[in-house]
1. Could you say whether any residue in the range 74-97 is in contact with a Leu (Cβ under 8 Å, 6 or more places away or on another chain), farther than 23 Å from residue 240 by Cα, assigned to a loop (DSSP other than H, G, I, E, B) and outside the structural domain of residue 189 (by TED's automatic domain parsing)?
2. Can you tell me which of 102, 113, 20 is hydroxyl-bearing (Ser, Thr, Tyr), touching a residue at least 24 places away in the same chain (Cβ under 8 Å) and surrounded by fewer than 19 Cβ atoms within 10 Å (Cβ to Cβ)?
3. For the range 269-320, which helices (runs of 4 or more DSSP H) that fit wholly inside it have 2 or more residues that are at pLDDT 95 or above?
4. Of all residues in the range 174-192 being charged (D, E, K, R) and in a loop (DSSP other than H, G, I, E, B), which is surrounded by the most Cβ atoms within 10 Å (Cβ to Cβ)?
5. Which residue, of 181, 197, 132, 152, is out of contact with any helix residue (DSSP H, G or I) (no Cβ under 8 Å at 6 or more places or on another chain) and under 30 Å from residue 316 (Cβ atoms)?
6. Among the residues of the range 9-44, what is the count of those that are assigned to a strand (DSSP E or B), at pLDDT 95 or above and not charged (D, E, K, R)?
7. Any residue in the range 67-76 that is touching a Gly at 6+ places or on another chain (Cβ under 8 Å), under 22 Å from residue 222 (Cβ atoms) and at pLDDT 95 or above?
Amino acid sequence: MKKNKKNDIRVRFAPSPTGYFHIGSARVALFNFLFAKKNKGTFVLRIEDTDKERSKKEYEKDIMRSLEWLGISWDEGATPKGERGEFGPYRQSERGEIYKKYLRKLLEERKAYYCFCSKEELDKMREKQKKKKEPPRYEGNCFLLSESEKEKMKKERKDFTIRLHIPDNKKIEFNDRIRGKVEFNTKDIGGDFVIAKKDLSPLYNFACVVDDHEMNATHVIRGEDHVSNTPKQILIQEALGFSIPEFAHLPLILGTDKSKLSKRHGTVSLYGYKEKGYLPEALVNFIALLGWNPGNDEELFVMEEIINKFSLEDCQKSGAIFDMGKLNYINGYYIRKRDVSDITKMCIPHLVEADLIRVEFTEEQYPPAYGGKEPKESYYAHHREKKMSFNEVKDIVSLYQERMRTLAEIGELANYFFVKEPVYEKELLIWKNTPAEDITTYLDKSIKTLSDIKEWSREEIEKRMVETANKAQNRGVVLWPMRVALSGKKASAGPFDIAYVLGKEETLRRLKNAKIKLQQ
């Protein structure tokens, strides 16, 4: 094992690539990252891929692209192109000989032993304990076997395991940086537990302990569901003579109904939030508040602010509530803070997804549409049979930047700009109980007013239309049907903004069509 620099804090995030990266894993990664950065330490990414059947490269790639999207960079560990750092390999599948070395050490020192008990024998043992109302535990039958008996059993039995021999009735204590003092007793662990299979391939707890030791992990920050693993890992560390890192166990993430977070509470894949129009800075801000707060009512922080304020002691013990309403609020805040050009670039894929525009990207130009340089191609609003420039799309997005909670909402909010004709019932044109004939008259007046405008600007549209509206009994009978005629919606951007973006010709066409619709 390579030596660690004195007082150098080293933490690790060790996901299993057996499924898509999710919010729970992102929270563990973020808190490790924050702790490392706050203490000028090292953040390591280790891939625990010993489950050969379920581990997949696509999941490993998803882990890395999600971390990169969130801005959680790692100092050492596995990367898409290999690895960086001097404590590798950083994939467990490549560390087999290291595990075997420590397993042989335990076997030679009789701190671990081969267990040849079959599943049927173990079931009988548990049934007998159950009848006696004793907690289930392995009774150590194979620990006392002689060397000749072991060799004989190895030849006879196809399947066997390696168990760690643990002392009876020993108290295990550790100070959790979040939960305080935690105590266990070996009598509650279930007896000598399995640490490896017959071919010396390790199980989770053993591999985790060896890796943490070899990679000089000083702190282990992980989810509350690992609390029960901690005493077993401490016993392995003691058996091998390893130093014991500090532990911190984060609270569970719960849905608003206080049940454990699951698919029914929202998007499972972290990257799925990007596809649904969430910004990385919003996700980081939101995830940081899942179990941590700075001790006051502040809720909006960029990464640097979170790093400066973060401490494990400010993490809560009780479950953290995953509230989609709060996530949408935070995301809306960051959408409003971004430059409208940036937001437009990020909205373009969502407009394409909503089948409102088509864009012909070259291979080099496609990625910039998600946040790089402005694409030079025009956008084809195929429903209107109209080409639109980037600035025209930006004008549309700017009307909704203050209203959007997610970027994906742009399609539903602004669809009427990209269609030939907005769809709505003619009754929607009626302002309160105004007779249809009067609404038709006011539409005529709007058409006349707007037709007379020579300099088509937002200011001129508002000035002329307000003058027309003020001459009516109330402004609603003029401005309401104008809004509906242009957007087809009860709620939309303001009618003056819509008219300006649509242009004079399209605005007049829609107003005339509304008049025809009302007369039918």
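1. yes
2. On the way: 102 fails: surrounded by fewer than 19 Cβ atoms within 10 Å (Cβ to Cβ); 113 fails: surrounded by fewer than 19 Cβ atoms within 10 Å (Cβ to Cβ).
Unique residue meeting the criteria: 20.
3. Values: elements: 270-275, 280-288, 303-309.
Passing ranges, in order: 280-288, 303-309.
4. Of everything passing the filter in the range 174-192, 192 is surrounded by the most Cβ atoms within 10 Å (Cβ to Cβ).
5. So the residue among 181, 197, 132, 152 that is out of contact with any helix residue (DSSP H, G or I) (no Cβ under 8 Å at 6 or more places or on another chain) and under 30 Å from residue 316 (Cβ atoms) is 181.
6. Applying the first criterion (assigned to a strand (DSSP E or B)) to the range 9-44 yields 10-13, 22, 42-44.
With at pLDDT 95 or above added as a condition, the list becomes 10-13, 42-44.
Of the ones still in play, those that are also not charged (D, E, K, R) are 11, 13, 42-44.
So the count comes out to 5.
7. So far as the range 67-76 goes, yes, one or more of its residues are touching a Gly at 6+ places or on another chain (Cβ under 8 Å), under 22 Å from residue 222 (Cβ atoms) and at pLDDT 95 or above.
Every residue, every condition in (1) assigned by TED's automatic domain parsing to the domain that holds residue 397; (2) more than 21 Å from residue 412 (Cβ to Cβ); (3) surrounded by 15 or more Cβ atoms within 10 Å (Cβ to Cβ), yes or no:
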{"residue": "448", "(1), (2), (3)": "no, yes, no"}
{"residue": "451", "(1), (2), (3)": "no, yes, no"}
{"residue": "454", "(1), (2), (3)": "no, yes, no"}
{"residue": "467", "(1), (2), (3)": "no, yes, no"}
{"residue": "470", "(1), (2), (3)": "no, yes, no"}
{"residue": "474", "(1), (2), (3)": "no, yes, no"}
{"residue": "477", "(1), (2), (3)": "no, yes, yes"}
{"residue": "484", "(1), (2), (3)": "no, no, yes"}
{"residue": "491", "(1), (2), (3)": "no, no, no"}
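The values are calculated or read from the model by the stated rules, or taken from the named source; none is laboratory data. What you are looking at is a predicted structure, and each value in this text was computed from that prediction instead of being measured. Positions of Cβ are backbone-derived with ideal geometry, glycine not excepted, and every protein chain shown enters the neighbour counts.
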